[in-house]
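Below is one structure, written out as structure tokens; comments come after it.
The values are calculated or read from the model by the stated rules, or taken from the named source; none is laboratory data. Quick caveat: nothing in here was measured; it's all calculated off a predicted structure. All Cβ positions, glycine included, derive from the backbone under ideal geometry; neighbour counts span all protein chains shown.
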Amino acid sequence: MSSRIIPSRTPASDRQSPENSFDRRRFLTALGATAAGFALPRTLRADLDPDWTTPMPPFRIAGNLHYVGSRDLASYLITSPRGHILINTNLVTSPTQIRASIEKLGFTIPQVKIILISHGHYDHCAGSAEFKKLTGAKYLVMDADVSVIESGGKTDFHYASDPTMRFPATKVDRALHDNEQITLGTTVMTAHKTAGHTKGCTTWTMTVAEGRKNLNAVIVGSPNVNTGYKLIDNPQYPQIAADFTRQFQTLQSLPCDIFLGAHGGYFGLIEKFAKKQAGDTTAFVDPTGYKSYIADRQQAFEAELARQQKGHPG
């Protein structure tokens, strides 16, 4: 989940914070959405970012890596002759949009064999229960986020008591661990535990073959400190500050050619897609942008940590 964090270069997706107030039932009714057996919470956000639900033309990023999300909630399809991997199922209403994007690219839903997520917040995983029904795929989640996923958000360290953050509880088929690799056909993905935003926040990396080049793709989970997060003396998450620090060390160490993330706003999706449509075949190759984004988010984290330390002497 993205949220306005600390003043710096705050992405648009971060300014639209889902923990704010919004009538979610009215929103879903307007979309004609249903969620059988799932009690919809009363509020969602102060204002609805239309980019969360506005379809994005699906496209191939590079090699066997495709974009199938909306204009801001990112979802990725990694294809192989042995089946496909889907990263992020997004909102409870998103499966219809994601499915249409997958099919528009010429693939089918039953070909999806593995479902992965960036982290256990409803804007990235609320559609997982529906996708498991549609595909029969195995759902793999980083170990520290498993209880959040299987409780529908009820065990989240920050949002456990907030009904607006709930989503359909979904059975996880396998818990992942830091640096574990997932292989399907010739596709190999590595799960990097980049905790802090959630306890099991995951950054995914893979190598994609584009022409004669092998490119390192990085899909950032989230390096953001959400509004209200306690970085000091947090009884629900005592090691949160240490985890954020370790996350930035990990992100800085990853080789990156293709910079991607859980939200399009992280990596300039709309602008880069326009360049790609105009014929720029390297529009998503952005190692400099990756380094700049990580440095900016680290600076924001450190500023917030210093602010909280100042207000909490001893």
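Figures for the structure shown
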| item | result |
| --- | --- |
| Failed criterion for Thr29 (all others in (1) among the β-branched types (Val, Ile, Thr); (2) at pLDDT 95 or above; (3) exposed (fewer than 15 other Cβ atoms within 10 Å of the Cβ) hold) | (2) |
| Some residue of the range 230-240 being at pLDDT 95 or above, touching a Leu at 6+ places or on another chain (Cβ under 9 Å) and not in a loop (DSSP other than H, G, I, E, B) | yes |
| The range 295-314 residues that are on the phi < 0 side of the Ramachandran plot, paired with ones that are of a type in the set (D, E, K, R) and at pLDDT below 95 (beta carbon under 6 Å, 6 or more apart) | Asp296/Arg9 |
| The range 263-305, residues that are in a loop (DSSP other than H, G, I, E, B) and not polar (S, T, N, Q) | Gly268, Ala278, Gly279, Asp280, Ala283, Phe284, Asp286 |
| Those residues of the range 96-148 which are part of a strand (DSSP E or B) and either on the phi > 0 side of the Ramachandran plot or among the hydroxyl-bearing types (Ser, Thr, Tyr) (or both), in sequence order | Tyr139 |
| Pair list, Cβ < 6 Å and 6+ apart or interchain, from the range 100-125 residues that are farther than 19 Å from Pro58 by Cα to residues that are basic (Lys, Arg) | Ile114/Lys138 |
| Selected residue (only one of Asp257, Asp243 is modelled with pLDDT of 95 or more, within 27 Å of Arg82 (Cβ to Cβ) and surrounded by fewer than 24 Cβ atoms within 10 Å (Cβ to Cβ)) | Asp257 |
| Qualifying residue in the range 215-228 (condition: surrounded by fewer than 20 Cβ atoms within 10 Å (Cβ to Cβ) and farther than 28 Å from Asp296 by Cβ) | no |
| Boolean, His119 is closer than 24 Å to Asn226 by Cα, out of contact with any helix residue (DSSP H, G or I) (no Cβ under 7 Å at 6 or more places or on another chain) and at pLDDT 95 or above | no |
| Which numbered condition Leu260 misses (of (1) in a strand (DSSP E or B); (2) farther than 13 Å from Ala217 by Cα; (3) not aromatic (Phe, Trp, Tyr)) | (2) |
| Inter-residue pairs, beta-carbon under 8 Å, first in contact (Cβ under 8 Å) with a residue 12 or more places away in the chain and in the range 263-286, second of a type in the set (Val, Ile, Thr), 6+ apart | Gly264/Ile270; Tyr266/Val220; Phe267/Val220; Phe284/Ile61; Phe284/Ile258; Val285/Ile258; Asp286/Ile258 |
| Candidates Asn90, Asn64, filtered to the one that is at pLDDT 95 or above, within 21 Å of Phe167 (Cβ to Cβ) and not aliphatic (A, V, I, L, M) | Asn90 |
